[in-house]
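Shown next, in structure tokens, is the structure this report addresses.
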């Protein structure tokens, strides 16, 4: 089955700096790669996703890149704000979703 | 995206008891999914709830422990039976987007269970 690894497990950045979270996957059949943000006491919220026919996608301050050859994808958050503080999960999917172990991001004001 | 409501949002339960979690979706969906998120951990799929047929369970999860109902296309329940402290987790209901072929997965707010 698929194996998704996510790094780092924790990340602290100063407000205004950028944050990068990286994930790798093992199954070349995976073709959909979403990112979720989970705030304390809430369910995961889809924030951005990318499909295997695209190398990069951007939505305002967040972007995701995908390298199919190397089987890794990354989440980039620019100009971080305190409200970006949360746990972020990556996932890889073909017929089922496989989630990474999460990254706890803290943005320091 | 679908609006997914879960009840209860949290509960404290005694060892040996059972609790049923309800999930209501604001639109008809073919498949509903139940995930478990143990403290500080990632999301693990428990089962897929299919309308009109038995749920499909993932390895490590059995129907006797986690019975699931799916009476219609907008509602499902997950029961956690004979609970032990190891069952303390967040249980999440999820559904595919309106356009299932896009592959998007949406989650409810979760039900946080603490078993004493």
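The values are calculated or read from the model by the stated rules, or taken from the named source; none is laboratory data. For clarity, every value in this text was computed on a predicted model and none was experimentally measured. Cβ coordinates were reconstructed from backbone atoms using ideal geometry, including for glycine residues, and neighbour counts include every protein chain displayed.
Name the one entry in B:63, B:46, B:12 that is farther than 19 Å from residue B:112 by Cβ and at pLDDT 95 or above.
Only one candidate qualifies: B:63.
What's the total number of residues in segment B:19-41 that are surrounded by 13 or more Cβ atoms within 10 Å (Cβ to Cβ) and within 18 Å of residue B:85 (Cα to Cα)?
8
Modelled with pLDDT of 95 or more, within 14 Å of another protein chain (Cβ to nearest Cβ) and within 21 Å of residue A:102 (Cβ to Cβ): which single residue out of B:113, B:105 fits that description?
From the options B:113, B:105, the qualifying one is B:113.
Please state which of the following conditions residue A:73 fails to meet, knowing it meets all the rest: (1) within 14 Å of chain B (Cβ to nearest Cβ); (2) buried (at least 16 other Cβ atoms within 10 Å of the Cβ); (3) at pLDDT 95 or above.
(1)
In segment B:39-56, what residues are outside any strand (DSSP E or B) and either touching a residue at least 40 places away in the same chain (Cβ under 8 Å) or closer than 28 Å to residue A:41 by Cα (or both)?
Scanning segment B:39-56 gives B:39, B:40, B:41, B:42, B:55.
Out of segment A:14-38, which residues are modelled with pLDDT of 95 or more, surrounded by fewer than 18 Cβ atoms within 10 Å (Cβ to Cβ) and either in contact with a helix residue (DSSP H, G or I) (Cβ under 9 Å, 6 or more places away or on another chain) or closer than 14 Å to residue A:74 by Cα (or both)?
Residues satisfying the conditions are A:15, A:18, A:20, A:22.
Tally the residues that are within 23 Å of residue A:18 (Cβ to Cβ) and within 7 Å of another protein chain (Cβ to nearest Cβ), restricting the search to segment A:90-105.
So the count comes out to 3.
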